[in-house]
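What follows is one structure encoded as structure tokens, with my remarks underneath.
The values are calculated or read from the model by the stated rules, or taken from the named source; none is laboratory data. What you see is a predicted model, and the numbers here were worked out from it, not measured in a lab. A quick note on method: Cβ atoms are made from the backbone with ideal geometry, for glycine too, and the neighbour counts reach across all protein chains shown. Remember, those area values only see protein heavy atoms, side chains included, never the ligands or the DNA or RNA. Shrake-Rupley method; radii C 1.70, N 1.55, O 1.52, S 1.80 Å.
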Amino acid sequence: MTEHGSFRAPGPGDAEFETPAELYDQAPCGLLSTTPDGIVTEVNATLLRWTGHSRASMLGTPFEQLLTTGSRLFYETRYLPILRLAGEVREAALTLRCVSGESLPVLVNSTTRFGTDATPRLVSTAIFDSTQRHNLERELLNARRAAEASETHVRALQDASTAFGTCESEAAVAAALEHSARQAFRATAVAVLLFDGAGGVRLAAGRHPLFDGSAGIAQGGPEAEALSNGRAVTVVNGADAEARFPDVVGALRAARIEGLSTVPIIGMERTLGLLTCFYGRQRDLDDDRLALQMALALQAAQVFERVSLHAELANLALYDSLTGLANRSLLQHSLNAALLLAARHRSRLAVIFMDLDGFKAVNDGLGHLAGDAVLEEIAHRLRDVVRGSDTLARFGGDEFVVICEDIGVDEARGLAERIRLAVRQPLVGISASFAVTASVGIALHEPVDGSAMSTAEILKAADSAMYASKCAGRDHITVASV
């Protein structure tokens with residue numbers, strides 16, 4: 001089951017809600033798991049559909065056998081050494097062999113999962129179809145060749161590449177694109193418009209003399225045409241605008257704009273937005289100039305998607321795929337920060353550690369799907385009872401942890417009691433004979449000398465308190481001061 005940024009329980013207005021297994025199988029990217037030696041142990045339907053392989057033929061197959069000859073060499077000499085050394089590989093370009101005999105260019109991101117003894121147990125891999133990216137890169141290469149006749153154009157592309165190379169956010173990419181276009185074309189104004197997930201459009205960087213955020217892109221205008229045909233659209237002067245785009249002539253005149261050029265920013269799977277340059281006087285918008293503008297837009301599209309992919313992968317690495325709660329990595333980071341803050345301000349901190357009593361019986365008696373449903377429901381209940389400032393995490397299996405900053409023993413015990421009562425309520429769709437309760441341990445920490453306690457120490461104390469609750473008959477709360 002894959003990790004993803006967030007997960008919520010179905011609400012009253014949801015007509016249909018995908019299970020985590022369905023989300024894994026129908027994810028918009030290929031997903032597979034292998035042993036540390038590269039033997040495929042799990043694969044989703046998306047990757048099977050892309051390659052034409054059957055699940056039976058792929059399971060148990062070495063991953064490298066799915067690659068073309070050239071990619072196998074890269075896999076053995078670069079991919080595997082990096083994976084074994086760093087534990088992960090980001091954006092490795094490989095080519096898969098399809099059953100039809102065709103090749104599928106892909107980008108691969110792999111992460112090694114380690115056991116408690118630090119031994120590699122599993123390699124999780126996300127595979128992204130980069131066919132369109134390859135096509136776009138070819139178009140970018142053609143555009144660059146057309147621009148090489150002009151030293152100014154070549155320098156503009158180089159400067160843009162340098163600027164994009166340091167970008168780590170969407171806002172930074174948009175600002176770099178706006179600056180590069182304004183410098184290259186000496187435009188009166190440059191606007192970078194981006195689409196959001198809901199179909200809206202916003203001004204991400206620059207200035208747009210015609211754009212009204214509430215109304216969106218003017219229908220019947222040059223930008224709407226660029227989006228429709230996927231190509232550059234120009235307006236060379238007022239007469240041209242009046243003949244071709246009469247709906248925006250008044251706005252152009254009011255803004256004292258004589259001409260414009262606009263190109264779509266095209267990503268791998270969708271159009272991301274528009275790059276529009278405005279000119280206060282008539283310009284010769286020749287093919288070389290448009291090729292450069294398209295090249296800048298294509299460069300920016302790749303960087304936008306790289307930044308987005310990195311953000312998505314970072315999110316996947318920090319949250320539990322089943323419950324949507326913080327995972328152990330994010331818990332460790334958050335707890336370390338909370339302990340340092342508590343030491344600095346001499347403030348109290350509580351770590352609540354809980355283990356579900358009776359969960360193993362559900363998992364063994366009703367199956368893993370029922371067990372997963374119970375964990376999701378418990379996570380939903382916990383969200384409802386913890387404070388907004390608390391950090392709630394799935395520690396692993398049926399164990400959950402809450403970090404509570406600036407809290408006293410009575411308040412911590414009260415929260416633990418709310419948690420205990422919430423967990424013990426009847427479970428939806430589960431027989432009452434499979435009762436689930438919570439054994440809860442609280443490690444209450446109040447710094448006295450300004451030194452920070454370690455995360456391992458306080459988690460161990462909370463875990464020991466939880467174990468004491470187990471020994472006391474389960475469905476209990478035990479408090480330990482540390």
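Output needed: percent of Cα pairs per 5 Å distance bin for the stretch 206-278, bins running from 0 to the one holding the longest distance.
Spelled out bin by bin, the stretch 206-278 gives 3, 16, 28, 29, 15, 6, 2, 0 percent.
If you put +1 on each Lys and Arg Cβ and -1 on each Asp and Glu Cβ, how big is the dipole of the chain around its Cα centre, in Debye rounded to 20? Walk me through the numbers before you get to the answer.
Working: 44 positive and 59 negative charges, 122 e Å.
Its charge dipole is roughly 580 debye.
What's the Cα-based Rg to Rh of the stretch 53-170, Rh via Kirkwood?
Details: Rg = 18.6 Å, Rh = 17.2 Å.
Here the Rg-to-Rh quotient is 1.08.
Kindly list the residues of the stretch 169-203 that lie in the label zone of E269, defined by a backbone N under 20 Å from the point 7 Å along the Cα-to-C-beta vector.
So the set is 170, 194-201.
What accessible area per residue, rounded to a whole number of Å², is obtained for the chain using a probe radius of 1.4 Å? Don't skip to the end; give the middle numbers.
On the way: 23240 Å² over 482 residues.
About 48 Å² of surface per residue is accessible.
If you look at just the Cα atoms of the stretch 402-461, how large are its Rg and its Dmax in Å?
Rg, Dmax (Cα atoms, Å): 15.6, 51.
Can you find, among L331, A342, S321, the residue farthest towards the positive end of the dipole of the stretch 294-359? Put +1 on the C-beta of Lys and Arg, -1 on that of Asp and Glu.
Sorting the options by dipole projection puts first A342.
Would you please give the FRET efficiency between R186 and R78, computed as 1/(1 + (r/R0)^6) with r the Cβ-Cβ distance and R0 = 41 Å, to the nearest 0.05? Write down the numbers at each step before the final one.
Working: r = 43 Å, r/R0 = 1.04.
The calculated FRET efficiency here is 0.45.
Given a 1.4 Å probe and every protein chain left where it sits, what share in percent of the accessible area of the stretch 212-307 is carbon and sulfur? Can you show the working numbers first?
Numbers: 1820 of 4090 Å².
After summing per-atom areas, the C and S share lands at 44 percent.
Return the Rg/Rh ratio of the stretch 184-314 with Cα-based radii and a Kirkwood Rh. Before the final figure, lay out the partial values.
Numbers: Rg = 14.6 Å, Rh = 15.1 Å.
With Rh from the inverse mean 1/r over Cα pairs, Rg/Rh is 0.97.
Can you give me the % of accessible surface on the stretch 370-474 that is carbon or sulfur? Probe 1.4 Å, all protein chains present, nothing else counted. Show your work: numbers first, answer last.
Details: 2410 of 4690 Å².
Its accessible area is 51 percent carbon and sulfur atoms.
For V154 and E22 in one chain, what is 0.36 nm times their gap in residues minus the Cα-Cα distance, to one decimal in nm?
Numbers: separation 132, 0.36 × 132 = 47.52 nm, distance 4.72 nm.
Residue separation times 0.36 nm, minus the Cα-Cα distance, leaves 42.8 nm.
Quick one, can you get me the convex hull of the C-alpha atoms of the stretch 65-122 expressed as volume per residue in Å³? Write down the numbers at each step before the final one.
Values: hull volume 4.7 nm³, N = 58.
Value for the stretch 65-122: 80 Å³ per residue.
Above 29 Å lies some portion of the pair distances; for the chain, what is it as a whole percent of all C-alpha pairs? Could the numbers behind the result be given before it?
On the way: 72032 of 115921 pairs.
Value for the chain (Cα pairs over 29 Å): 62 percent.
Just to confirm my numbers, what's the Cα centroid distance between the stretch 296-374 and the stretch 398-450 in Å?
Going from one Cα centre to the other spans 18 Å.
Taking the 0 to 90 degree range and rounding to the nearest ten, how far is the long axis of helix 409-423 tilted relative to the main principal axis of the chain, both from C-alpha atoms?
That helix lies at roughly 80 degrees to the long axis.
So if each residue of separation counts as 0.36 nm, and I subtract the Cα-Cα distance between S347 and D117, what length gain in nm does that give?
On the way: separation 230, 0.36 × 230 = 82.80 nm, distance 3.44 nm.
Value of the extension gain: 79.4 nm.
Can you compute the modelled spin-label distance between T35 and D287, with each label point 7 Å from Cα toward Cβ, in nm?
Modelled inter-label distance: 5.7 nm.
Separation between the R49 and L141 pseudo-spin-labels, each 7 Å from Cα along Cα→Cβ, expressed in nm?
Going by the 7 Å Cα→Cβ label model, 3.0 nm.
So for the stretch 343-482, what are the equivalent ellipsoid semi-axes in whole Å, largest first, each being the square root of 5 times an eigenvalue of the Cα gyration tensor? Please report the intermediate quantities before stating the final value.
Values: eigenvalues 164, 39, 31 Å².
Rounded to whole Å, the semi-axes are 29, 14, 13.
With a point put 7 Å past each Cα toward its Cβ, work out how far S100 is from K360 in nm, to one decimal.
If labels sit at S100 and K360, their model points lie 5.1 nm apart.
Can you tell me the length gained on complete extension of the stretch A472 to E457, counting 0.36 nm per residue apart and subtracting the Cα distance? Walk me through the numbers on the way to the answer.
Working: separation 15, 0.36 × 15 = 5.40 nm, distance 2.27 nm.
Residue separation times 0.36 nm, minus the Cα-Cα distance, leaves 3.1 nm.
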